[in-house]
Structure formats: structure tokens, C-alpha cells
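Worksheet for the structure shown next.
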Amino acid sequence: MHFSELFKFCPVCGSADFVQNNEKSKNCKACGFVYYINASAAVAAFVVNDAGELLICKRAKEPAKGTYDLPGGFVDSNESAEIALKRELLEELNAEIIEMDYQFSLPNIYEYSGMTIPTLDLFFTCKLNSYDNLQPADDVEDCFFVPVAELNPALFGLSSIKKAVEILKKNK
């Protein structure tokens, strides 16, 4: 659901005179508060081993539970994209990134708690200190490597991840 439909009352004064200002903001006519919904930053890793296989995760939680994903997640407040990616891979896979390179970004729509959240997903190629003993945790049900040539983007649940995998496959 778009934030404008979800938020009916001003979060500052409680007025019902909280009206659409433009596509990404609402304005309270009673107190003057303006609320903007901007894209949240998220990160994702292309981890390719020496055999040319991409590390794939299976999502343990909604949205898109059970579909394929890349390791990564949201950037927290006061955190760079690089630090967020290191934190996410440690949380999700007990993996330590030793090298990363920014590749590109893609917009995405993330459905969570009944709200449509716009995101800007930043994609990095990463090397790990070890590819052995990866341990799925947090919101990852399973992880495994798939040869890049055999990737099926349709198996990935989030639109930006699907498109990113298409780009990776095309460029290999």
C-alpha cells in the first residue's frame, strides 16, 4: 500500500487534514508538517567463487519468502553502504568480506508490513575470506553456489535482484 493511503492522520498533531502534497509527500494543513517518503538504501553482494559460481541465498522471511536472493539488506542510520554490506554478510552467512567493488544501483519496491517502501539497491562484487562453512542465519534459510551461466533470474523474488542477476549473467 502506498504511504499516502496508509497514513491518514498527521503524526505531529493528529489532524485528519493531512493531504497529498505530491507523489512523495503529504502536508498537514493544520500544523504545517510535511512528511516525505524517500528511497531507503539497501545493499546486495555478487559473491562469485573461483569456479565462477554465484552465491545464492534462499529467503527465510517475507517479502518473497522461499525465493532466491543475493546476500545483503538495508543500510542502517549512520552506516555507509560498505559497512552495511559487511555487517549483513556477517549476520546472514557468518562471512567476512575482504574485498568489494561497487557495480551499479537499481530502484526497487519493497513490500513490508502492508506498506510499499521505495528502495535504492546498491550492488557490489565481493570476495570473502573463506567460501567454506557459510552458515545461513537471520533472514536466510539456505545458501549455495550456482554457475553464473545456469542462473535463472525468474527464481529471484525481488525485482531489483532479478534485474541485477540478468545484468550479471549478460556481462559474464
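Somewhere in the stretch 157-172, is a residue under 16 Å from the mean Cα position of the chain (by Cα), in a loop (DSSP other than H, G, I, E, B) and of a type in the set (A, V, I, L, M, F, W, C)? Talk me through it step by step, then tell me what you get.
Here is the first cut: in the stretch 157-172, the ones under 16 Å from the mean Cα position of the chain (by Cα) are 157-165.
Within this subset, residues satisfying the condition of being in a loop (DSSP other than H, G, I, E, B) are 157-158.
The next check asks that each one be of a type in the set (A, V, I, L, M, F, W, C); those that pass are 158.
Yes, the stretch 157-172 contains at least one residue that is under 16 Å from the mean Cα position of the chain (by Cα), in a loop (DSSP other than H, G, I, E, B) and of a type in the set (A, V, I, L, M, F, W, C).
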Candidate set from the stretch 32-83 (those that are among the hydrophobic types (A, V, I, L, M, F, W, C) and touching a Pro at 6+ places or on another chain (Cβ under 6 Å)); member that is farthest from Lys127 (Cα to Cα): Ala39
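Given the criteria crowded, with 18+ Cβ neighbours inside 10 Å, under 15 Å from the mean Cα position of the chain (by Cα) and either farther than 14 Å from Ala42 by Cβ or modelled with pLDDT of 95 or more (or both), does Leu89 qualify? Steps first, answer last, please.
On the way: crowded, with 18+ Cβ neighbours inside 10 Å: yes; under 15 Å from the mean Cα position of the chain (by Cα): yes; either farther than 14 Å from Ala42 by Cβ or modelled with pLDDT of 95 or more (or both): yes.
Answer is yes for this residue.
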Neighbours by Cβ (under 6 Å, 6+ apart or cross-chain): first from the stretch 139-161, touching a residue at least 40 places away in the same chain (Cβ under 8 Å) and surrounded by fewer than 15 Cβ atoms within 10 Å (Cβ to Cβ); second not aliphatic (A, V, I, L, M) and not in a strand (DSSP E or B): Asp142/Pro136
Of all residues in the stretch 162-172 being among the charged types (D, E, K, R) and in contact with a strand residue (DSSP E or B) (Cβ under 8 Å, 6 or more places away or on another chain), the one that is surrounded by the most Cβ atoms within 10 Å (Cβ to Cβ): Lys162
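Taking the condition under 23 Å from Glu96 (Cα atoms), hydrophobic (A, V, I, L, M, F, W, C) and assigned to a loop (DSSP other than H, G, I, E, B), does Ala51 pass?
Yes.
The values are calculated or read from the model by the stated rules, or taken from the named source; none is laboratory data. Bear in mind the structure is a predicted one, so any value in this text is a computation, not a measurement. As a convention, Cβ positions derive from the backbone with ideal geometry for all residues, glycine included, and neighbour counts pool all protein chains shown.
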